[in-house]
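The structure appears below as structure tokens.
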Amino acid sequence: MVVITASIALAIGLLDLRGSLAWLENRSSDVRAKRTVDPPGDRDIVIIDIDNASFSSLTSKQGRWPWTRRVWTELVRYLTPGQPRLIMFDILFSGSEADVDPEFAAVIRKAGNVVLPFAFVSGQVQTEDNVFTPPASAAFQFDGTPRGRSLERADWSLDAPNKVLEPAAAVTGSNLASADPDGITRRLPLLVRFDGRDWSTVWLAASAHLLGIKSHAKYEGGEFIAGPLRLPVDADGNYVIRWHGDTLTSYRRVPLWEMICSIYPAQCEASVPHHAASEFQGKIVLVGASAAGSYEVRPTAVSETAPGMFVLATAIDNLLHNQAVRRTRWQISLALLIALCGLPAWAVLQFRSITAPLAVTLGTMLIYTGACFFAYGHSWWLPMSAPLLAAALSFTGNTSYRYITVDRELSRTRGTLERYVSPQLVSYVMDHLGEFNFKGERKKLTILFSDVRSFTTLTEKSDPAELLTQLNEYLEAMTDIIFRYDGIVDKFIGDGIMAHWGAFTPDQPNARLAAQAGLDMMTRLAELNKHWATTGRPPLDIGVGINTDFVIFGNVGTGKKVDFTAIGDGVNLASRLESSNKEFKTHIIISAATLHELGDKAKVRPLGSIVVKGKTVGVEIFELLGLD
């Protein structure tokens, strides 16, 4: 089992190391992210949303999308007196609008807190300005590794604000947010390597502007460090996003149409809510779109149709509050995998039945799953898929191995025991198999012998087939009684029976069980004789001898001939007591040792003493009449 467990742990560990289980782990993290989302995000983050109503209304007036930049010029002009901390656009302003751009740039410059993004585009993009280098305000100095995603100039080009607008912005940054292979955005980069230099993402640029961070950072101890900003990042420079609910409840959203009506109240109905510029004082204002067809869908762990501005708002929220989900180190992940792989194996080895190992395995998996959810709620990502898979395979593999090997041997042992003892006692023995020594040991047993009187005479007078049928009925009935009182049928000696109590149940009242079995045997025999009389069969009479003593119990013999039995003077005395019934005209004789075990509850008649062959001292014997 050690080899099986180690092989499973090694195989799962290698698969996890190669990333073959990444899809499963990512999906498990999505479930955890949905179930453990933080309360709504930073209330100072406000989204001016180009929702469906705004998009429909303004497009009908403007006649096209994207709209003229006069819309954004007036929006920034209106917001600036309210003194928001930041105004960020999730809109690209490449190309030019000659009659509007100078005024738009002037409004942006006067605001002094406007952030404009630029995009890295796969392939070549023709723009009026033919921009090939990102804006200088996005440059970042970085010490150490990892740096982030590296892009080659030959494969990527820029879609950046035009030369009129870019200098007016407070900062700029890349909006590159690569999704995982399954298309889900779970991680975000902080820097992008392009043309041999490091460039800031737009969320890092905006956060650095708000936190007063200069354009310099370093990687140390698994963290991206820049001023007060400390975020755990992976080997690719990405941090795991800490979500704040879904796209509708995370951040306050103000429809753009309401802002337009606030700017031009005379053009709107009085029922449309208006928002004073002072309402945005100290706020971080993001301008983006959620209207169908107006934005790029970014599926996330908490939403399959999240707009880019939702990801952007969450990213800034994370950076401002040093929020990120921290992955455990590989050493801890390996230890957890080994632990969850080892526990089911230990349970399979420790317990004989499958119920206990199954309960241990399922309990371990359930507790660990709960721990993973709890840890994720506290921004710790424990590995979930690999350890749980290892636990399941460990239980399955080790259980199968035990069934093929050990359980087959135990099945044979059970089959052998069931020929001698009751099913209840078999179950007890199998559950405590490790406590018994079957090679032979000294035990205190109560031994019972029974024999049919004058059986030889019956064989001479009866039909052999009929007599054999009658004998089998008798032996079956007597065996059932012995089993009922948890006795062991040691052997059949012709028409005789040898049974004993105490081999596996030393703490039970074995002498009383044997005595009660003997009494019931006599009662049952009387019933059988009545039945046989109706079928023309001869009646049977038996004698029973019971003795309690220390004897040798276990496998006796060598080579191909081995008996599972009891031997010793105590066995010989029990046999002698049974045969003495003929002399004393009795049916059940017990020894003084057995009577001592029974105590005052036994009804007996003293018979004196007998001398066993090979002994010189007599043994006191008694006829058993009943039990109270």
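The values are calculated or read from the model by the stated rules, or taken from the named source; none is laboratory data. If you're wondering where the values come from, they're calculated on a predicted model, not measured in any experiment. Cβ sites come from the backbone with ideal geometry, for glycine too, and all protein chains shown count toward neighbours. All accessible areas refer to the heavy atoms of the entire protein, side chains included, with ligands and DNA or RNA removed. Shrake-Rupley method; radii C 1.70, N 1.55, O 1.52, S 1.80 Å.
Remarks
- Excluding ligands, DNA and RNA, the accessible surface per residue across region 448-543 is 45 Å² with a 1.4 Å probe.
- The chain - charge dipole about Cα centre, Lys and Arg +1 at Cβ, Asp and Glu -1, debye rounded to 20: 920
- Counting only Cα atoms, the size of region 500-604 along its three principal axes is 47, 43, 27 Å, in decreasing order.
- Euclidean distance between Cα centres, region 284-339 to region 90-123, Å: 26
- FRET efficiency, ARG329 to ARG252 (Cβ-Cβ, R0 30 Å, nearest 0.05): 0.20
- Solvent exposure of region 1-120, expressed per residue, is 47 Å² of accessible area, with all protein chains present and a 1.4 angstrom probe.
- Taking region 485-628 and dividing mean pair separation by its residue count, relative contact order in percent (alpha carbons under 8 Å, at least six apart): 18
- Residues of region 182-286: accessible area per residue with a 1.4 Å probe, Å²: 39
- Carbon and sulfur %, accessible surface of the chain computed with the full protein complex present, 1.4 Å: 55
- Shape category assigned to region 283-358 from the gyration tensor of Cα positions, a/c cut at 1.5: prolate
- Amide H partners (placed H, <5 Å) of THR300, local residues excluded: THR185, THR305, ALA306
- DSSP-defined beta bridges in the chain - what % are antiparallel, rounded to 5: 65
- Here is the tail figure for region 464-542: Cα pairs spaced more than 17 Å apart come to 47 percent of all pairs.
- A cut-off of 5 Å between modelled amide H atoms, ignoring neighbours fewer than 5 places along the same chain, links ARG326 with TRP380, TRP381.
- Mean Cα-pair separation over length for the chain, i.e. relative contact order, pairs under 8 Å, 6 or more apart, %: 13
- For LEU176, distant residues with modelled amide H under 5 Å away: PHE120, VAL202
- Descending by average beta-carbon neighbour count within 10 Å, the peptides 512-523, 4-15 line up as 512-523, 4-15, the highest first.
- Selection among ALA465, ASN572, LEU191 by position relative to the dipole of the chain gives ASN572 as farthest towards the positive end (Cβ unit charges, Cα centre).
- Here region 25-76 yields Rg over Rh of 1.24, to two decimals, using C-alpha coordinates and the Kirkwood radius.
- When each of the peptides 330-340, 391-401, 486-496 is scored by the mean number of other C-beta atoms lying within 10 Å of its residues, the order from highest to lowest reads 391-401, 486-496, 330-340.
- As a length-normalised measure over Cα pairs under 8 Å and 6 or more apart, the relative contact order of region 21-157 settles at 21 percent.
- Hz values of 3J(HN,Hα) by residue in region 371-379 - Karplus curve (6.51, -1.76, 1.60), Gly and Pro given as x: 5, 5, 5, 4, 5, 5, x, 10, 6
- 222 nm mean residue ellipticity, helices alone, for the chain (DSSP H n ≥ 4; -39,500 (n - 2.57); rounded to 500): -13500 deg cm²/dmol
- For region 236-241, 3J(HN,Hα) per residue [Karplus equation, 6.51 cos²θ - 1.76 cosθ + 1.60, θ = phi - 60°, Hz, x = Gly/Pro]: 9, x, 9, 10, 7, 5
- Cβ charges +1 (Lys, Arg) and -1 (Asp, Glu), total dipole of region 470-628, debye: 360
- Measure of compaction for the chain (Cα Rg per 2.2 N^0.38 Å): 1.75
- Region 238-299 shape via C-alpha gyration tensor axes, a/c threshold 1.5: prolate
- Cα gyration tensor, region 178-308 - rounded (a/c under 1.5), prolate or oblate: prolate
- Residues in region 500-508 carry Karplus couplings, in order, of 8, 10, x, 5, 10, 10, x, 8, 8 Hz; the curve used is 6.51 cos²θ - 1.76 cosθ + 1.60 with θ = phi - 60°, and Gly or Pro positions show x.
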